[in-house]
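The values are calculated or read from the model by the stated rules, or taken from the named source; none is laboratory data. From a predicted model like this one, the values you see are computed outputs, not experimental measurements. Every residue, glycine among them, receives a Cβ derived from its backbone with ideal geometry; neighbour counts consider all protein chains shown.
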Amino acid sequence: MVAKKGEVQAHHFAHQSARDGNSCLSAGETALHKFAKEVLNERLEIAIPEMFVSAAEDRELVAPATTIKFENARLEVRNGMIVPDVVLELRDRRLLVEFKVTHASDETKIDQIREMNVGAVEVDLSQYRDRPLKEIGDDILYNAPRIWLHNPREDAARARLEQRVRQRAADFQREVASLQAIYRHRWPVNGERDGSNATAIRQNGLCEAVNLAVDGAGCFLVPVVEWQTAVALDLIASQKPFRTRNGLNGLLRRGWVDRRFTSLRDDHARALKDAGLPFALPGKAVELYLRKLKKLGLLHCGATETWTTTSLLRSKLEAAKELRERPAKRRAQIENIVRDQIGDLPESETDSFDFDAWIASPLADRQGSVEDAIQGEEAAWTALCHDISHIRTNIRFSPRSNLHLFGLPCVGELGRMLKQKADEAEQRETAKRQREQAEAEVRLRLLTERAVHYLGDTASIWLNARNVALNGLTPFEAASSSTGLDAAIEALNRKARELELAYQALQRKQKAVAELEKQAMSRYYDPELAALWMRSSRPELGGKSPLEFTCDEATRNRCAEYLPKRRSRR
């Protein structure tokens, strides 16, 4: 300290100044450091920051940002190999708190904290050194910058992150295997081809321009000659530069492209190619076909991937005409598209829409405005027109809350369609349940009628008894599905056959017994002796009586052999 004795201020002591003119900093830092520990010790509450671990484009939450109230605090108490500023305790949990004024925690301390595997947070108070202590209590606890020095949950979070990485790799391999299993490559066919497309291409003298082998031909649902002919005819009929996308769009409109391959990622396509398949995406397959036409001398490929016939005059005239008319044509085109999209919407939703302002406004998710696109490349313009012209179609057939509306006033229409789709889905589900219930009732009625027909009064018992042939289900339970009904009917038929056979056997037995009794009565004078003979067991019949042994004509004849040869009185 330095004594200050002046003529203006009262005599006092002051901190000694440093060489740069600043007063002693260490005392302020010590006071701030001490005050921070006291505030935390007194209020036992602190905000902890959010913590993530990251890998590539993924990340995992280790701890959320929150404020925790603790039960106890210990100041400057040795904890393992270190003496943290504050140790906060909540039941069996500890949190180490370090206050940074001029120096952050060094790597040695951080390594020791990690070795202890206890949570530790560092609060940066360097910006508060010149602030009055009584003003910064809340900032110390809640607002000052703070970081995690260590969180015991970090390893578990990294493990979860690594597991997701491995899972994505496994999922990718399964996806590739599934695509590989469904891809069926189509090769050019031999012989005469039928169909309007093939006829048209022959009439144009271009048979050599189709039925060419290209990678990716398995992405289409028609033979190679059909889709290649369609692309060639679309190109010839096109009044503006023809791009690969135009050829693909023509096939999409015809429904000739297998939708399972239209939206594959590039890594899927590369994996299928690496697996040895002659695979290419549908757009690439169209491009490979057009390049084969170029190699045959039938096409020129422009610098911007435009395809034109080899007629130089037609190419120049059509290009010049397109360039002259393009701005006005495109403006009229987009105006018609917008009118088609919003023309039938309620006036209350469109009365504030200004076409001129809209066309000049930047489009979300696009570079520039519609006005810029009017002067731009055909591919970008075609894509923009396609997207805008399909807004209402997308709202109708694929409504979703995040559908891109390109600034058009279609929010109300989208909301109405989302509600309609939800209502329709609910109605379909209700109708499905009702239909399934009605079908189940029909099946049960059919089975009941058949059971009554075959089994009579015992039908109810059979219908409700568990059946081994029906995997332990009752016939009623099995008939809840159509396949189960078939199995139940088959089991019923078997039961009916068994009953029929048993009935026939009973009939044969009754007949044979009656005939044997008649014979016995004819051999004994006393009917009681005849009845006794029928009921008496005989060793020759395996210990059975003639009544028990007789079941058909053959057994009756055998029993008759043991009757008295002449009529007997005993």
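Counting only residues that are in a helix (DSSP H, G or I) and under 41 Å from the mean Cα position of the chain (by Cα), which one in the stretch 458-477 is surrounded by the most Cβ atoms within 10 Å (Cβ to Cβ)?
If we take residues in the stretch 458-477 being in a helix (DSSP H, G or I) and under 41 Å from the mean Cα position of the chain (by Cα), then Pro475 is surrounded by the most Cβ atoms within 10 Å (Cβ to Cβ).
Conditions (1) assigned to a helix (DSSP H, G or I); (2) of a type in the set (A, V, I, L, M); (3) farther than 30 Å from Ser482 by Cα; (4) in contact (Cβ under 8 Å) with a residue 60 or more places away in the chain, marked per residue:
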residue: Asp372; (1), (2), (3), (4): yes, no, yes, no
residue: Ala379; (1), (2), (3), (4): yes, yes, yes, yes
residue: Asp387; (1), (2), (3), (4): yes, no, yes, no
residue: Arg416; (1), (2), (3), (4): yes, no, yes, no
residue: Asp423; (1), (2), (3), (4): yes, no, no, no
residue: Gln427; (1), (2), (3), (4): yes, no, no, no
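Give the number of residues within the stretch 358-370 that are out of contact with any Asp or Glu (no Cβ under 7 Å at 6 or more places or on another chain) and assigned to a helix (DSSP H, G or I).
Residues in the stretch 358-370 being out of contact with any Asp or Glu (no Cβ under 7 Å at 6 or more places or on another chain) and assigned to a helix (DSSP H, G or I): 2 in total.
All but one of (1) in the same structural domain as Glu50 (by TED's automatic domain parsing); (2) crowded, with 19+ Cβ neighbours inside 10 Å; (3) not in a helix (DSSP H, G or I) hold for Asn211; state the number of the condition that does not hold.
Of (1) in the same structural domain as Glu50 (by TED's automatic domain parsing); (2) crowded, with 19+ Cβ neighbours inside 10 Å; (3) not in a helix (DSSP H, G or I), only one is false for Asn211: (1).
Residues in the stretch 478-514 that are in a helix (DSSP H, G or I) and within 16 Å of Val442 (Cβ to Cβ): how many?
The total comes to 8.
Counting just the residues of the stretch 79-121 that are of a type in the set (Asp, Glu) and within 19 Å of Ile46 (Cβ to Cβ), which one comes out farthest from the chain's Cα centre (by Cα)?
Selected residue: Asp85.
List the number of the failed condition for Ala269; all other conditions in (1) touching a residue at least 60 places away in the same chain (Cβ under 8 Å); (2) within 26 Å of the chain's Cα centre (by Cα); (3) in a helix (DSSP H, G or I) hold.
Result: Ala269 passes all but (1).
So if I check each of Arg445, Arg450, which one is loosely packed, with under 15 Cβ neighbours inside 10 Å and without any contact (Cβ under 8 Å) to a residue 60 or more places away in the chain?
Arg445
Do you know which of the residues in the stretch 478-515 that are closer than 21 Å to His453 by Cβ and acidic (Asp, Glu) is nearest to the chain's Cα centre (by Cα)?
Asp486
In the stretch 120-135, what count of residues is obtained for those that are in contact (Cβ under 8 Å) with a residue 40 or more places away in the chain and either out of contact with any Asp or Glu (no Cβ under 7 Å at 6 or more places or on another chain) or within 22 Å of Ile68 (Cα to Cα) (or both)?
Residues that pass the stated criteria total 5.
So which residues in the stretch 389-404 are of a type in the set (A, V, I, L, M, F, W, C) and surrounded by fewer than 17 Cβ atoms within 10 Å (Cβ to Cβ), if there are any at all?
Selection gives Phe397, Leu403.
This table checks each residue for (1) at pLDDT 90 or above; (2) under 30 Å from Leu345 (Cα atoms).
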| site | (1), (2) |
| --- | --- |
| Glu424 | no, yes |
| Ala440 | no, no |
| Arg445 | yes, no |
| Asp457 | no, no |
| Arg466 | yes, no |
| Thr474 | yes, no |
| Ser481 | no, no |
| Ala487 | yes, no |
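Is it true that Ser361 is among the small types (Gly, Ala, Ser) and over 38 Å from the mean Cα position of the chain (by Cα)?
It is false that Ser361 is among the small types (Gly, Ala, Ser) and over 38 Å from the mean Cα position of the chain (by Cα).
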